[in-house]
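Taking it in order: structure first as structure tokens, then the write-up.
Every read-out reported here was derived from the displayed coordinates using simple, explicitly stated rules and does not represent laboratory data. Because the structure is predicted, anything quoted here is derived from the model rather than measured. Note that each Cβ is placed from the backbone with ideal geometry, even for glycine, and that neighbours are counted across all protein chains shown.
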Ligand SMILES: Nc1ncnc2c1ncn2[C@@H]1O[C@H](COP(=O)(O)OP(=O)(O)O)[C@@H](O)[C@H]1O
Ligand SMILES: [Mg+2]
């Protein structure tokens with residue numbers, strides 16, 4: 001998987017797999033590299049099924065990192081894989097599940113939502129200035145954000161032209177449907193997203209709500225299951241989420 005050029009550049013003596021991460025599309029592994037200087041480096045290797053997506057992620061990551069956004073640093077870029085700085089922490093999803101299990105009240109998670117909103121706003125600003133206007137993340141599942149030393153964003157291969165309302169609407173749909181789905185706690189969390197994240201991005205709730213609903217409908221089709229949008233419609237009103 002690793003290139004000779006990379007091993008020579010960093011004087012790599014030996015390699016050990018420390019952890020494999022959950023990934024549907026790619027292979028994402030945390031390695032410990034022992035360098036000739038006897039130093040140990042822990043780096044992530046992300047191997048892409050599709051090399052074009054690797055190039056795209058490398059381009060966007062470089063742009064964001066150089067602009068000062070909290071994202072992994074590229075240590076080495078090959079045609080079909082990237083070696084990235086390892087960011088210790090937990091995914092937004094692990095954090096969400098932990099907070100819900102502990103029954104944390106709104107006051108406890110407000111600062112995290114402010115961090116998320118600030119990160120998103122900076123992402124849209126930087127990409128609009130330096131790349132094409134109107135780029136969005138595309139894949140906003142909660143494993144693509146990491147809470148560590150700071151709030152980080154991780155996965156950029158699905159970036160595409162679009163509206164921020166799509167990202168936020170989908171994000172809220174994911175939050176509501178992670179197991180256990182449609183809990184009171186999750187509705188409250190999404191209401192806080194409306195209050196904090198939508199507000200910070202200057203988005204009106206109507207279009208975000210439409211994207212949320214659209215994502216729930218396509219999830220229902222994919223899962224050939226109950227009508228998730230109808231569930232949301234019934235309970236969302238109590239949380240002021242239905243315009
Ligand atoms: N630089 C990193 N530091 C720490 N963990 C990471 C890093 N990059 C990826 N991960 C972990 O690997 C998982 C999958 O990485 P991601 O870039 O989202 O790939 P995929 O395209 O497979 O979704 C993430 O959810 C995260 O847990
Ligand atoms: Mg991902």
Ordered by packing density, taken as the mean number of other Cβ atoms within 10 Å over each peptide's residues, highest first, how do 214-221, 46-53, 116-123 rank?
116-123, 214-221, 46-53
Neighbour-count ranking for 22, 114 (other C-beta within 10 angstrom, fewest to most) reads 22, 114
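Do the sum for the chain: with -39,500 (n - 2.57) for every DSSP H run of n ≥ 4, divided by all residues, what is the mean residue ellipticity at 222 nm, to the nearest 500 deg cm²/dmol? It would help to have the intermediate numbers written out before the result.
Details: 8 runs with 110 residues, N = 243.
Value at 222 nm, helices only: -14500 deg cm²/dmol.
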Shape call for the stretch 4-85 from the C-alpha gyration tensor, a ≥ b ≥ c root eigenvalues: rounded (a/c under 1.5), prolate (a/b greater than b/c) or oblate?
prolate
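Please report 154, 34, 212 as a ranked list, fewest other C-beta atoms within 10 angstrom at the top and most at the bottom. All intermediate terms of the calculation are to be shown ahead of the outcome.
Working: 154 20, 34 15, 212 29.
Neighbour counts put them in this order, fewest first: 34, 154, 212.
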From a point 7 Å beyond the Cα of residue 222 in the direction of its Cβ, which residues of the stretch 192-216 have a backbone N at a distance under 12 Å?
215-216
In what order do 25, 186 fall by count of nearby beta-carbon atoms within 10 Å, going from fewest to most?
25, 186
What are the extents of the Cα atoms of the chain along their three principal axes, listed from largest to smallest and rounded to whole Å?
61, 39, 36
Between residue 14 and residue 108, what length in nm is gained on full extension when 0.36 nm per residue of separation is reduced by their alpha carbon distance?
29.5 nm
For the stretch 20-161: rounded, prolate or oblate by the Cα gyration tensor [a/c cutoff 1.5]:
oblate
Just subtract the alpha-carbon distance of residue 234 and residue 85 from 0.36 nm times their residue separation and send over the number in nm, one decimal.
49.2 nm
